[in-house]
Amino acid sequence: LHKPPHGRASCNGEGRPCFQAASATSLPFRDGAFDAIASSDVLEHVDPSDVRAATAEFARVARNFLVLKIANRPEGSTLSGSRAGVGKFQGRTFKDALHQQGYADRLPTQLHTTVKGNEFWHEEFRRVGFALNRTIPDASWACCAYVLHRI
């Protein structure tokens, strides 16, 4: 990241933030590219078979710190009954809109595919060289937020 004089980080050197979509198991950044990375409500969506690859990638690109918020409760999909509020599908359920686009049969019933507690995640990150630095207070229903540091 480039940090221009006004203090806003950017990845294009022009002061405008930019983002890049990528798989958590294959981040398009060099080793140690960032002093710290933050991830909020992402890892619980990673397929259990990809957890080790994702935690290894986070550790690979972060030099010093990981700031993580990870849900530890199931969350079912509400797409079948929720209605679109705007756009060409306004008033129709998301399930109907997705079905019209050819995706209805692929709607997940469970959005959080990896529902694990703190100790599981702490151990996964210990395995790749990070340990708990501190817990971040969060609403009890929101679960787990913490800062990990490189060991």
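The values are calculated or read from the model by the stated rules, or taken from the named source; none is laboratory data. Treat the numbers as computed from the prediction; the structure is a model and nothing was measured. Please note: Cβ atoms are built from the backbone with ideal geometry, for glycine as well, and neighbour counts cover all protein chains shown. The area values use the complete protein model at the heavy-atom level, side chains included, leaving out ligands, DNA and RNA. Shrake-Rupley method; radii C 1.70, N 1.55, O 1.52, S 1.80 Å.
Brief remarks on what is shown
- Number of the exception - THR113 against (1) open to solvent by less than 20 Å² (accessible area, probe 1.4 Å); (2) at pLDDT below 95: (1)
- Applying the condition of being assigned to a loop (DSSP other than H, G, I, E, B) and either open to solvent by 70 Å² or more (accessible area, probe 1.4 Å) or not small (Gly, Ala, Ser) (or both) to the range 37-73 and asking which residue is farthest from THR135 (Cα to Cα) yields ASP47.
- Subset of the range 21-36 [touching a strand residue (DSSP E or B) at 6+ places or on another chain (Cβ under 8 Å) and open to solvent by 70 Å² or more (accessible area, probe 1.4 Å)]: ASP35
- Residue in the range 76-96 that is in a strand (DSSP E or B), open to solvent by 80 Å² or more (accessible area, probe 1.4 Å) and modelled with pLDDT of 95 or more present: no
- Identity of the residue in the range 117-150, assigned to a loop (DSSP other than H, G, I, E, B), out of contact with any helix residue (DSSP H, G or I) (no Cβ under 6 Å at 6 or more places or on another chain) and touching a residue at least 12 places away in the same chain (Cβ under 8 Å), that ends up surrounded by the fewest Cβ atoms within 10 Å (Cβ to Cβ): TRP141
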